[in-house]
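Reading through the structure tokens given below for one structure.
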Amino acid sequence: MHELSLIYSVVETVEQSAKQAHATEVVSVKLRIGALSGVVKDALLFCYEIAADGTMLAGSRLEIEEVPVAIYCQPCAQVMVLGGVQSFRCPTCETPSGDIRQGRELDIVSIELEVP
Amino acid sequence: METRVLEIRKSVLNKNDELARKLRTRFETAGVLVLNLVSSPGAGKTEFLQKVLTDLHHSGVRVAALVGDLETDNDARRLMASGAPVRQITTHGCCHLDAGMIERHLQGWELGELDILFIENVGNLVCPSNYDLGEAVRVALLSVTEGEDKPLKYPGMFNSADVALITKIDLAEACEFDRETAMANLHAVRPDMRIFEISSKKGTGMVEWLDYLADIQRSIKQDRATGEERKSLVAAGE
């Protein structure tokens, strides 16, 4: 969903940071994408080359960390990772929980730069 | 030459998120309750808002609406019949509203003179889920004609909503709508979600909905009063 426009946003943000750091080249970009973000990893990878072309990011590597949904379970008093996005219940005790701690991410985590 | 890793830790949508945060602060400061209505096209957002705006406006509540569509100002014109101020956001192709569009279309409106602002999003259960508009409450509409498993098919959107409205309940029998399954599916993807059952045409469920709005408005006023009190205590050096 909107992967091309999201990737253009990534390129813009990364270029800004790279220029501020006086980098000569961007080597790689690391994203974290949550299971609830609605964003498709393959589509992001596909769009990356197109969007990076002609910028400091041309030729760089896009790394995507996919992050599952995790909820906080009150009875178990801990954060529990869920296997999917259909049932927001603790996998151990089955208590429903709307307290989402992870899974909505659409983040630029870090970038690897060539600096003089 | 050397390689250096730079931490960014920014949302890809950080521009929208930042603007949405600013809008949220503006809304809270002005004491206006803002709701973002999302649903598939045809679930009954405009019909619902027509009824709600008319009822509230005639009760003296200062309401306004922003309505988003790709094309036409049909919805804004329908909603203006309520007597409340309404503006159309025509996106000409963009499948969701974003914070920038909301900011631009609020220009010239005095937020302090409003009690409630309704934002009717573009009919779409996918894209609007990622775009924070600075709202206090996100309301997802699900009509009885859409099927009980809609929430499971669009978990991102229904999970992002605070409240759900099951609409067109006057048609439930004709559609053989399974109410229990629909509610179970809504709660499967958003356990703490409040659910209202509405027929905009017949008025069913409207009293409960308007009571809910009144409750939130009361707690906003209380929060502001507490916040003002806290501020003056801080200013007094306590």
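Cβ-Cβ contacts under 7 Å between residues 6 or more apart (or on different chains), taken from a first residue in segment B:125-149 that is of a type in the set (Gly, Ala, Ser) to a second residue that is in a loop (DSSP other than H, G, I, E, B), are listed as B:129/A:38; B:140/B:39; B:140/B:161; B:143/B:43; B:143/B:44; B:143/B:168. Check whether at least one residue in segment B:134-154 is under 24 Å from residue A:35 (Cβ atoms), charged (D, E, K, R) and more than 14 Å from every other protein chain (Cβ to nearest Cβ), and report yes or no. Among the residues of segment B:134-154, at least one is under 24 Å from residue A:35 (Cβ atoms), charged (D, E, K, R) and more than 14 Å from every other protein chain (Cβ to nearest Cβ), which makes the answer yes. Note on segment B:161-178: among residues that are under 27 Å from residue B:53 (Cα atoms) and of a type in the set (D, E, K, R), the one that is farthest from the other protein chains (Cβ to nearest Cβ) is B:170.
Looking only at segment B:40-72, residues that are crowded, with 17+ Cβ neighbours inside 10 Å and at positive phi come to 1 in all. Within the option set B:70, B:56, B:37, B:66, being in contact (Cβ under 8 Å) with a residue 24 or more places away in the chain and touching a Cys at 6+ places or on another chain (Cβ under 8 Å) holds for one residue only, B:70. Taking segment A:98-109 as the search range and keeping residues that are within 7 Å of chain B (Cβ to nearest Cβ) and at pLDDT 95 or above, which one is surrounded by the fewest Cβ atoms within 10 Å (Cβ to Cβ)? Taking the candidates together, the pick is A:109.
To keep it simple, each residue is scored yes or no on (1) outside any loop (DSSP other than H, G, I, E, B); (2) over 17 Å from residue A:12 (Cβ atoms); (3) at pLDDT below 95.
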{"site": "A:66", "(1), (2), (3)": "yes, yes, no"}
{"site": "A:75", "(1), (2), (3)": "no, yes, no"}
{"site": "A:84", "(1), (2), (3)": "no, yes, yes"}
{"site": "A:111", "(1), (2), (3)": "yes, no, no"}
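Can you work out which of the residues in segment A:12-46 that are of a type in the set (Val, Ile, Thr) and in a helix (DSSP H, G or I) is most open to solvent (accessible area, probe 1.4 Å)? Among residues in segment A:12-46 that are of a type in the set (Val, Ile, Thr) and in a helix (DSSP H, G or I), the one most open to solvent (accessible area, probe 1.4 Å) is A:13. Once segment A:1-11 is narrowed to residues that are at the interface with chain B (Cβ under 9 Å from one of its Cβ atoms) and open to solvent by 20 Å² or more (accessible area, probe 1.4 Å), the residue that is modelled with the highest pLDDT is A:9.
Beta carbons closer than 9 Å, at least 6 apart along the sequence or on distinct chains, pair a first residue in segment B:200-228 that is within 17 Å of residue B:114 (Cα to Cα) and basic (Lys, Arg) with a second that is open to solvent by less than 100 Å² (accessible area, probe 1.4 Å) and part of a loop (DSSP other than H, G, I, E, B) for B:221/B:31; B:224/B:31. In segment B:221-234, the count of residues that are outside any helix (DSSP H, G or I) and of a type outside the set (Val, Ile, Thr) is zero.
Within segment A:54-89, restricting attention to residues that are aliphatic (A, V, I, L, M) and free of Cβ contacts under 8 Å to residues at least 12 places away in the same chain, the residue that is surrounded by the fewest Cβ atoms within 10 Å (Cβ to Cβ) is A:77.
Residue check: residue B:113 meets all listed conditions (1) touching a strand residue (DSSP E or B) at 6+ places or on another chain (Cβ under 8 Å); (2) of a type in the set (Asp, Glu); (3) open to solvent by 20 Å² or more (accessible area, probe 1.4 Å) but one, namely (1).
Quickly run through segment B:187-220 and pick out the residues that are part of a helix (DSSP H, G or I), open to solvent by less than 60 Å² (accessible area, probe 1.4 Å) and more than 18 Å from residue B:55 (Cα to Cα). Matches in segment B:187-220: B:188, B:189, B:219, B:220. Within segment B:93-122, the residues that satisfy the criterion of being outside any helix (DSSP H, G or I) and among the small types (Gly, Ala, Ser) are B:93, B:108. Taking segment B:153-186 on its own, how many of its residues are crowded, with 19+ Cβ neighbours inside 10 Å and part of a helix (DSSP H, G or I)? Looking only at that region, the number is 10.
The values are calculated or read from the model by the stated rules, or taken from the named source; none is laboratory data. None of the values given here were measured: they were computed from a predicted structure. Please note: Cβ atoms are built from the backbone with ideal geometry, for glycine as well, and neighbour counts cover all protein chains shown. Ligands, DNA and RNA are stripped out before the accessible areas are found, and what is left, the full protein with its side chains, is counted by its heavy atoms. Shrake-Rupley method; radii C 1.70, N 1.55, O 1.52, S 1.80 Å.
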